[in-house]
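Peer 1: First, the structure itself, so that you have it in front of you.
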Amino acid sequence: MIKVRKYFDSYSVMVGGCYQLDPYMTALWRKMLKNIYPEYKTKTVLMLGLGGGGGIEAVRKKFPDAHITAVEHDPVMVDLARKMTFKEIGYSPELIIDDANNALKSFSLLGKKFDIVILDIFVGANPSPLYSNEFLLSLSGVLSKNGYLLTNFYKKEKELTPVFKAFFSSWKRVRYKNNRMRVYRHFGLGNIGDPLPKGLINKEQSHIFSRSIIQPRPSEIIEVDGVIGLRYCFGPLAIEVYTSETEPVPKPWRGIRLIFWFPITNTRSKKGWSRNLLVKSGRQEGFVQLSTDFSKFWSKHAQRHLKKWKENTNYATKRQ
């Protein structure tokens, strides 16, 4: 059931008891779009789920020069958006009336990429059943290398975030009144807690680095099932320190022993381990795959400091 109401010169559209067009939805997407770096150059935007077109109005205002493509499976909603929203704002996006899954496959075949993808597909109050591994894999394929995925979960955040976690890096959690939303990006853009890039070895898991430690110098370097650790001996007492993504399985020791394990990305409580109060154990690290223009998306403040650093002749960089 689609209900359309007019209040003076503005419209509202309700489908299955949920608003698809009203000032609330427009304000929601305006808030989400604020989470995109100002320096990011947005040229193409894909909106999966048109609704009443309120999201188009917000995107158009934020990125007036961007090409917007909207995919909507219901021709009735497309007709309503044309009559009520596009006519009012004086702009109509590229419209594709099709299933979102089919549209993504077509974009993949054509090699199309989008700087921003907005995902807002619902059946009434429930998120679309399209959110499968195959769908999210296709979605990842059309999102540009440094792109942003803006997702509206409404009230189903707990059910859906585990599915998205396998394909995207969660950059920010956003709440707008009754709605729960997330900003996602590709892995490898420097987000804290992302899984390690394939083939990356942390420096603490290097024998060369471990042997170079002087203060405090470890009594011995130990390796248990491929995990390197440092052992500090004080008579019958020993302290072992492991910094690794893999959980260490220490071998038996002749005396009293205190073991510290610092996970690299996942700092959630692990069975058999306790958080200590003596040493900060909540550390997480982020990783980014650098290119020659790695500072392109830095803030103006950071770029200014980078320029000053390059002008300083007291330091030099070395690539290995």
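The values are calculated or read from the model by the stated rules, or taken from the named source; none is laboratory data. These figures come from a predicted structure and were not determined experimentally. Note: ideal-geometry Cβ built from the backbone for every residue, glycine included; neighbour counts use all protein chains shown. For the accessible areas, the whole protein counts, side chains as well, though only heavy atoms, and no ligand, DNA or RNA atoms are used. Shrake-Rupley method; radii C 1.70, N 1.55, O 1.52, S 1.80 Å.
Peer 1: Over the chain, what per residue volume does the convex hull of the Cα atoms give, in whole Å³?
Peer 2: Spread over its residues, the Cα hull of the chain gives 191 Å³ apiece.
Peer 1: Which aspartates and glutamates have a Cα lying under 15 Å from the Cα of Lys155, excluding residues fewer than 8 positions away in the same chain?
Peer 2: Asp120
Peer 1: For a Förster distance of 56 Å, can you work out the FRET efficiency between the beta-carbons of Asn276 and Glu88, rounded to the nearest 0.05?
Peer 2: 0.40
Peer 1: In whole Å, what are the extents of the stretch 75-218 along the principal axes defined by its C-alpha atoms, from largest to smallest?
Peer 2: 73, 38, 30
Peer 1: With the dipole of the chain worked out from charges on the C-beta (+1 for Lys and Arg, -1 for Asp and Glu) around the Cα centre, which of Pro248, Ile208, Leu237 lies farthest toward the positive end?
Peer 2: After comparing all options, I get Leu237.
Peer 1: Under unit Cβ charges (Lys, Arg +1; Asp, Glu -1), what dipole magnitude, rounded to 20 debye, does the stretch 22-172 have relative to its Cα centre?
Peer 2: So the dipole magnitude of the stretch 22-172 works out to roughly 560 debye.
Peer 1: Which angle between 0 and 90 degrees, to the nearest 10, do you get for helix 133-142 versus the longest principal axis of the chain when only C-alpha atoms count?
Peer 2: 80 degrees
Peer 1: Right, something else. Size of the dipole of the chain about the Cα centre, Lys and Arg at +1 and Asp and Glu at -1 on the beta carbon, nothing else charged, in debye to 20?
Peer 2: 1160 debye
Peer 1: For Trp309 paired with Lys251, estimate the spin-label separation in nm (one decimal), with each label point 7 Å from Cα along the Cα-to-Cβ line.
Peer 2: 4.2 nm
Peer 1: What FRET efficiency comes out for the pair Ile259/Leu160, r = Cβ-Cβ distance, R0 = 35 Å, nearest 0.05?
Peer 2: After rounding to 0.05, the efficiency reads 0.40.
Peer 1: Here's something else I'd like to know. Quick check: at a probe of 1.4 Å, how many percent of the accessible area of the chain sits on carbon and sulfur atoms?
Peer 2: In the chain, the share of accessible area belonging to carbon and sulfur is 54 percent.
Peer 1: Between Leu136, Leu237, Leu33, find the one with the highest GNM mean-square fluctuation for the chain; connect C-alpha pairs within less than 10 Å.
Peer 2: Of the options given, Leu237 has the highest mean-square fluctuation.
Peer 1: With θ set to phi - 60° and the Karplus curve 6.51 cos²θ - 1.76 cosθ + 1.60, what are the ³J(HN,Hα) couplings of the stretch 249-265 in order, to the nearest whole Hz, using x for Gly and Pro?
Peer 2: Residue by residue, the stretch 249-265 yields 10, x, 7, x, 10, 6, x, 7, 9, 10, 10, 10, 10, 10, x, 7, 10 Hz.
Peer 1: Report, as a whole number in µm² per second, the diffusion coefficient that Stokes-Einstein gives for the stretch 140-287 at 25 °C and 0.890 mPa s using the Kirkwood radius over alpha carbon pairs.
Peer 2: 135 µm²/s
Peer 1: Can you give the charge dipole size of the stretch 72-119 about its Cα centre, rounded to the nearest 20 debye, using +1 on the beta carbon of Lys and Arg and -1 on the beta carbon of Asp and Glu?
Peer 2: 140 debye
Peer 1: Take the chain, connect every pair of alpha-carbon atoms lying under 10 Å apart with a spring to form a Gaussian network, then pick out the residue of Lys156, Lys251, Lys271 with the largest mean-square fluctuation.
Peer 2: Of Lys156, Lys251, Lys271, the most mobile in the Gaussian network model is Lys271.
Peer 1: Hey, with R₀ at 51 Å, roughly what FRET efficiency would Ser219 and Asp99 work out to, going by the Cβ-Cβ distance, to 0.05?
Peer 2: That pair, Ser219 with Asp99, gives E of 0.20.
Peer 1: Taking +1 at the Cβ of each Lys and Arg and -1 at the Cβ of each Asp and Glu, which of His186, Val174, Leu306 sits farthest along the dipole of the chain towards its positive end, judged by Cα position relative to the Cα centre?
Peer 2: Projecting each Cα onto the dipole axis, the largest value belongs to Leu306.
Peer 1: Okay, next question. If you line up the Cα atoms of the stretch 177-225 on their principal axes, what length do they span on each, largest first, in Å?
Peer 2: Sorted from largest, the Cα extents of the stretch 177-225 read 56, 25, 21 Å.
Peer 1: Helix 300-311 versus the longest principal axis of the chain: what angle, 0 to 90°, nearest 10, using Cα atoms?
Peer 2: 40 degrees
Peer 1: Averaged per residue, what accessible surface does the chain expose to a 1.4 Å probe, in Å²?
Peer 2: Accessible surface, normalised per residue, equals 61 Å².
Peer 1: Follow-up. Before anything else, pin down the relative contact order of the chain: Cα pairs under 8 Å, at least 6 apart, normalised by residue count, whole percent.
Peer 2: That works out to 11 percent.
Peer 1: Something else about it: Mean-square fluctuation check for the chain, GNM, Cα pairs under 10 Å: which of Arg217, Arg30, Arg182 is largest?
Peer 2: Of the options given, Arg217 has the highest mean-square fluctuation.
Peer 1: Considering only Cα-Cα distances, which of the following residue pairs are longer than 19 Å: Lys41/Lys145; Lys34/Lys300; Lys105/Lys296; Lys43/Lys83?
Peer 2: Checking Cα-Cα distances, Lys105/Lys296; Lys43/Lys83 exceed 19 Å.
Peer 1: Now for a different question. Aspartates and glutamates near Lys165 by alpha-carbon distance under 16 Å, same-chain residues fewer than 8 away left out - which ones?
Peer 2: Output for Lys165: Glu134, Glu157, Asp194.
Peer 1: Additional query: Counting only DSSP beta bridges with both residues in the chain, tell me the antiparallel percent, nearest 5.
Peer 2: Percent antiparallel among DSSP bridges in the chain is about 60.
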